[in-house]
Protein chains: 2
Amino acid sequence: MNGAESLVQTMLASGVDTVFANPGTSEMHFCAALDQYPEMNCVLCLFEGGTSAGADCYFRMKRDVAGTLLHLAPGFGNAYANLHNARKAGSGLVNIVGDHATHHLAYESPLKGDIQGVSQSISHWYRWSPDAGSVAGDGAAAIRAARSLNGQIATLALPANTAWEAARTPAGRGDPTGAEQPPALHRPETRAIEAAAQRLTLPGAALMIGGAALFGGLRQLAGQICAATGARLLIDTLIPRASRGAGTATAAHLPYPVEPKLEALVNTRSITLLGTQRPVTFFAYPGKPSLPEPANCEIAELCRPEMDIAFALDALAQATNATKAQPRVYPLDLPALPSGTLTLESAGAALAHLLPEGAIVCNEAITSGFRFAPPLTQARPHEMLGGTGGAIGWSLPGAVGAATACPDRKVVVLTGDGSAMYTIQSLWTMAREGLDVTVIVFANRGYQILRDELQNVGVQSYGANARAMFDVEGPSLDFVALAKGHGVPASRAETLEQYTSALQAALASDGPALIELVCD
Amino acid sequence: MNGAESLVQTMLASGVDTVFANPGTSEMHFCAALDQYPEMNCVLCLFEGGTSAGADCYFRMKRDVAGTLLHLAPGFGNAYANLHNARKAGSGLVNIVGDHATHHLAYESPLKGDIQGVSQSISHWYRWSPDAGSVAGDGAAAIRAARSLNGQIATLALPANTAWEAARTPAGRGDPTGAEQPPALHRPETRAIEAAAQRLTLPGAALMIGGAALFGGLRQLAGQICAATGARLLIDTLIPRASRGAGTATAAHLPYPVEPKLEALVNTRSITLLGTQRPVTFFAYPGKPSLPEPANCEIAELCRPEMDIAFALDALAQATNATKAQPRVYPLDLPALPSGTLTLESAGAALAHLLPEGAIVCNEAITSGFRFAPPLTQARPHEMLGGTGGAIGWSLPGAVGAATACPDRKVVVLTGDGSAMYTIQSLWTMAREGLDVTVIVFANRGYQILRDELQNVGVQSYGANARAMFDVEGPSLDFVALAKGHGVPASRAETLEQYTSALQAALASDGPALIELVCD
């Protein structure tokens, strides 16, 4: 058994059976080992930014880690932006980075780079395996690190010779028959729970939730706590994953722009944080505050994102006598299938009308979403994955990860044209894997967010040179051709009929499809 | 005057008038300042990997620095792989990275990241401007660093408030009326020149050149030195820029695969390095050496890449009485316009027949190039830009940079399909800027280099799972549709007639065009 085989065996024994890969020469033995272990699912991405977003959204849905397979420091660099998003999402994943063989590192070969430096600037955990005998143990340790503290970025660099040289079985610290489990999560102290229970009953109290509290049973429990205490349930602007639609406990979602965000918290006297950090504006703007809450508002950190969120909610529900309370939930209120003019509002109503139960919506429609998405809150129950770190280009490859994790669920991508162009190669992976993904591209021909932000930072007027940095036209992108080039069927919708018909067909199919939505 | 304006003014006063940009909110004031300074040429890239490759190849052709405009740590990450290539090419460039406003960095906002960590893992020089008054001086220092030692990666992080707050004029150390010039380059000592002159006359001597010695007058001077001494002129496998075609001093180009590389040096007794590093194999392979020269071969470092290459060549030419010698040069030997079957060889002959004088060929046809490119050595005089750091995806955006630097020259891109997909968005920038670029995509439907490398690392057979990591088919990519989607006219060539006709049309046009070359 060589080191590569010992790694694959360790991963499988530890329950890690999915890798989003963009291999190079230093990862050849890993690829060869795949033939012996067909239960390892290796998803080829044509660019490493796809691997990290794939593993990120895989974790968000599966609540367990996948791997990425990357090629030296430049490959890691390509994965970096979506690792940033994964880190901010609290996702756990294992980056496997091939390095040069140990004896080759003495020389200035072309691909030699600072793997440790670039890795440590984004990873929670980093290790470089010195020999083949260490690979299994280091792989198990990486998986353990990735599973720790609710999810971390773990990066394991493997010199090429550690893959091809002989490994012992079991090797190193990690017994390949079962990875070490992560340490138990820290829990809030009883007195902190009791203080929170008391605080939530006071006027102007809010419970702000994040992480696993945003969806499923824990979201409902948070809703029960708020029903029992009278506190307001708050959700931050950017969220990794949240329940949405009929039956979901209602919550106030903090808006992105500064003024509405301040407005949303104007009468708030306390914010109890459970699984999330204190709210902050996305950017700083001249003369505007970074913190959106009023000056007299108490910020109480009950349970940090890396602590035991389920325990904290359970304990808080006990302390507030909330276990029998009825949460306020969104009703099912499907809009009629709209007719008339194609607008972002009518397009959003059509999706709300048609969206199947259990769908996963990857929402990267940064500006268009404000007008498009509201009716989805009362659509059939579904889940939404959001941007977390502000690095654009996560939703197309993220959909690959979500669809790989949940092959029986419909995945819908909402993306602006600017964001889509970052990782457009992901369309090919959708086609190759036959993933059930419907992509809606909002073709507003530019970085609309920047058109808006320019005024937010105090620039009152701008001319042709500045505009050329925000407009993506001259020529316009043709997303129907781009999708076809990647093997994904597509159509352009310039009328509501075209859009509705394309959307119905896409949702009815079980493979990928793209709709270019052209409207203001 | 705000900090952003003081930066633009400093850049222009220092002779830096081109920026490859992918701005975000933190760079808005820089964009707004562009309207006041229309002489600043800002080229919009739809992905940051395009900005770094653009600035890299701009430097290779212009021999002076351009800027990139990046958005926080994730934007820098996206630029990373092509910064690696730029660093290995010895290119100088200035990364301008927007950061959050200083007062906002106290909070965990979504885009907050480790700009310093990721920058320092690839940059030669890094600075973070603390206030608007420092921006001009820091900008001048960054430009100076980028111009130092024949070209370096300089990264200047600018908190958003340093752009919008008031700046002094002139500000900081750098007077915006003229950037500090870089320090003088180190020169080899006289006795080292004399020793080299002696060594080159001995049996088995080779002069291995890099950097500025690879093209133009210095390349010819190197050829004269070899003609006068009898030494062999050697060029490493990967080169940033080299003269090629008729009239170019002949040189032995070290091949990529290990065995031919060893073979090329088998009788070599000394290698005098001038502007380059010692040769090393690209990767390590089981049981094969990392160093390609024979054990008894002397490696003599005469002039490191960051030293004064022009001085060293001049001094060496004097010491070897070479200034009147006639270098051996490649003759003009244009192949006939081929007919018959479309093969890589016939396709290469057609390009050699048609390539106009002064063309710039960005050669990322990693495996196809071995068979396609040889006739170009006797084509009309032109220059070739090559891969330098082994990170794929540099040639399309690199062509944007080369064409921006040299608008009067024809640029030709040779790229594999796997490489093209990394930064395919660059096609849009070619279309928007109307750049004179002809792109030839070798559609071998996969990572051919990996198919080859698998055997090099000792994997003798592999099955369907491994193959799925190397093959880019099921579905095949349609580069004609992809080009159309980006606004670039394109055609597919499956016969020699189709190819020749498309190539003639593309070379005759003065805008971008793409040819998908389908052949084995």
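Things worth noting here:
- Condition met for B:Phe30 (part of a helix (DSSP H, G or I), within 11 Å of chain A (Cβ to nearest Cβ) and closer than 20 Å to B:Ala140 by Cβ): yes
- Within region A:222-264, the residues that satisfy the criterion of being within 20 Å of A:Pro305 (Cβ to Cβ), among the aliphatic types (A, V, I, L, M) and over 23 Å from the mean Cα position of the chain (by Cα) are A:Ile225, A:Ala231.
- Of all residues in region A:62-91, those that are of a type in the set (D, E, K, R) and at the interface with chain B (Cβ under 9 Å from one of its Cβ atoms) total 2.
- Candidate set: region B:274-285, residues that are part of a loop (DSSP other than H, G, I, E, B) and farther than 11 Å from A:His104 by Cα; chosen: the one farthest from the other protein chains (Cβ to nearest Cβ): B:Gly275
- Criterion violated by B:Gly174 - all others in (1) at pLDDT below 95; (2) surrounded by fewer than 21 Cβ atoms within 10 Å (Cβ to Cβ); (3) of a type outside the set (A, V, I, L, M) satisfied: (2)
- Filtering region B:468-497 to residues that are modelled with pLDDT of 95 or more and touching a strand residue (DSSP E or B) at 6+ places or on another chain (Cβ under 7 Å) leaves B:Phe479, B:Val480, B:Ala483, B:Lys484, B:Val488, B:Pro489, B:Ala490, B:Ser491, B:Arg492, B:Ala493.
- Qualifying residue in region A:221-240 (condition: more than 18 Å from A:Ala325 (Cα to Cα) and of a type in the set (Lys, Arg)): no
- Being out of contact with any Asp or Glu (no Cβ under 6 Å at 6 or more places or on another chain), modelled with pLDDT of 95 or more and assigned to a loop (DSSP other than H, G, I, E, B) is a property that A:Ala322 has.
- Take the conditions (1) at the interface with chain B (Cβ under 9 Å from one of its Cβ atoms); (2) in contact (Cβ under 8 Å) with a residue 40 or more places away in the chain; A:Val94 misses just one of them, which is (1).
Each row is one residue, and each column tells you yes or no for (1) free of Cβ contacts under 8 Å to residues at least 24 places away in the same chain; (2) closer than 25 Å to B:Gln220 by Cα.
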| residue | (1), (2) |
| --- | --- |
| B:Thr281 | yes, no |
| B:Gln326 | no, yes |
| B:Pro338 | no, no |
| B:Glu345 | no, no |
| B:Gly348 | no, no |
| B:Ala365 | no, no |
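- Count of region A:370-382 residues, restricted to those that are surrounded by 24 or more Cβ atoms within 10 Å (Cβ to Cβ) and either modelled with pLDDT of 95 or more or within 14 Å of chain B (Cβ to nearest Cβ) (or both), is 2.
- Restricting attention to region B:217-235, the residues that are touching a Pro at 6+ places or on another chain (Cβ under 6 Å) and surrounded by 22 or more Cβ atoms within 10 Å (Cβ to Cβ) add up to 2.
- Candidates B:Leu396, B:Leu342, B:Leu316: the one that is surrounded by 17 or more Cβ atoms within 10 Å (Cβ to Cβ) and under 24 Å from the mean Cα position of the chain (by Cα) is B:Leu396.
- Taken over region A:1-54, the residue count meeting the criterion of being without any contact (Cβ under 8 Å) to a residue 40 or more places away in the chain and either surrounded by fewer than 24 Cβ atoms within 10 Å (Cβ to Cβ) or among the acidic types (Asp, Glu) (or both) is 10.
- Members of region B:265-284 found to be surrounded by fewer than 20 Cβ atoms within 10 Å (Cβ to Cβ) and aliphatic (A, V, I, L, M), listed by number: B:Val266
- A:Asp452 vs. criteria in contact with a Pro (Cβ under 9 Å, 6 or more places away or on another chain), of a type in the set (Asp, Glu) and within 24 Å of A:Arg371 (Cβ to Cβ): yes
- Number of residues in region A:1-25 that are more than 27 Å from the chain's Cα centre (by Cα) and within 7 Å of chain B (Cβ to nearest Cβ): the value is 1.
- Residue in region B:156-167 that is away from chain A (no Cβ under 14 Å), in contact with a Cys (Cβ under 7 Å, 6 or more places away or on another chain) and at pLDDT 95 or above present: no
- Check on B:Thr250, outside the structural domain of B:Ile360 (by TED's automatic domain parsing), in contact with a Lys or Arg (Cβ under 6 Å, 6 or more places away or on another chain) and of a type in the set (Ser, Thr, Tyr): yes
- Residues in region B:33-47 that are more than 8 Å from every other protein chain (Cβ to nearest Cβ) and touching a Gly at 6+ places or on another chain (Cβ under 7 Å): B:Val43, B:Cys45.
- If the condition is being more than 18 Å from B:Gln9 (Cα to Cα) and either in a helix (DSSP H, G or I) or not basic (Lys, Arg) (or both), then region B:122-144 contributes B:Ile122, B:Ser123, B:His124, B:Trp125, B:Tyr126, B:Trp128, B:Pro130.
- Of residues in region B:225-247 being in a helix (DSSP H, G or I) and touching a Lys or Arg at 6+ places or on another chain (Cβ under 8 Å), the one farthest from B:Pro292 (Cα to Cα): B:Ala227
- Being closer than 14 Å to A:Leu517 by Cα and in contact with a Ser or Thr (Cβ under 8 Å, 6 or more places away or on another chain) is a property that A:Val439 has.
- In this structure, A:Tyr256 does satisfy being surrounded by fewer than 22 Cβ atoms within 10 Å (Cβ to Cβ), hydroxyl-bearing (Ser, Thr, Tyr) and in a loop (DSSP other than H, G, I, E, B).
- Being more than 30 Å from A:Asp333 (Cβ to Cβ), among the aliphatic types (A, V, I, L, M) and outside the structural domain of A:Glu259 (by TED's automatic domain parsing) holds for only one residue in A:Ile440, A:Ile392, A:Ile449, and it is A:Ile392.
- Unique residue being assigned to a loop (DSSP other than H, G, I, E, B) and not hydroxyl-bearing (Ser, Thr, Tyr) when the list is A:Ala336, A:Ala349, A:Ala315: A:Ala336
- When B:Asp99, B:Asp114 are checked against the criterion of being surrounded by 24 or more Cβ atoms within 10 Å (Cβ to Cβ) and either closer than 25 Å to A:Gly49 by Cα or in contact with a Phe, Trp or Tyr (Cβ under 8 Å, 6 or more places away or on another chain) (or both), B:Asp99 stands alone in meeting it.
- Flag for A:Lys288 being in a helix (DSSP H, G or I) and farther than 24 Å from A:Asp314 by Cα: no
The values are calculated or read from the model by the stated rules, or taken from the named source; none is laboratory data. Treat the numbers as computed from the prediction; the structure is a model and nothing was measured. As a convention, Cβ positions derive from the backbone with ideal geometry for all residues, glycine included, and neighbour counts pool all protein chains shown.
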